[in-house]
C-alpha cells in the first residue's frame, strides 16, 4: 500500500491553532486525518489497528509484542521484536506549535544518567537522536551494557517515539527495516483536547483483524 498526504488539511475547529504544514508524500510517519489511502489497496484493513497507532506488517522475522493492563485492557507496552533487535513504540499529545522531541530527549538523558549510563546526542535521518548505554547485570551475574537509540517524529499535535534495541541501536543495517516501519506508522490522535505529553491510548486489536495482525499478547499481570 502507498500512502499519500492529503493536498489540503482538514478544517481545524480550534481557531487558536495554526493550519498543518503541507509535507511531501514521502514523509512519514503519517497523521490519520491527513492521509489519503491508495484506492488500489484496502485502507486500514491492511494494518494492525491499535487505536492511536496503525502499524504496517512487521519485517520478516519480527513480531509485534503487546503487553496489556489486565484491568483496563489498554496496551501498556508495544514492541516490534526480532532475534537480535527491537523497536519500542509510543505516542503522546502535544500542542501544534509546542515542541516536544527536544524535551523528551532531555528526559531520556536524565533517566539514563540516573541509571548510571551515558546518553550521546547524534544526528539521524529525521534529525536529533540519542544513543544510550546503560550498565546492566545479566541473569548469570555478569556486568554488561544495554544499548538503545531514541528516535522520534513530531506530527500535528502528536509526538511518535521509537526506541531501537539490540543491534539496531548501533548497526544501521540492522536498524534499516525497523526505521522503515517507524516511518510507515499512521498516528490517529483524535480531535479531542489532551494535555501536552499525555500518552495516546492504545488498545488490543480485534481478533483476526487485518493481515498485519502477527502479534503476541501478554498481560502485565503474569509471565
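Each value in this text was obtained by applying a stated rule to the coordinates, not by laboratory testing. This structure is a prediction, so every number in the text was calculated from the model and none was measured. Backbone-built Cβ (ideal geometry, glycine too); neighbour counts: all protein chains shown.
Need one number: nm distance between label points at residue 123 and residue 60, each 7 Å from Cα along Cα→Cβ, rounded to one decimal.
3.4 nm
Classify the stretch 143-183 from the C-alpha gyration tensor, please: rounded if a/c falls under 1.5, else prolate or oblate depending on whether a/b exceeds b/c.
oblate
Set the Förster radius R0 to 41 Å, insert the Cβ-Cβ distance between residue 97 and residue 172 as r into 1/(1 + (r/R0)^6), and round the FRET efficiency to 0.05.
0.80
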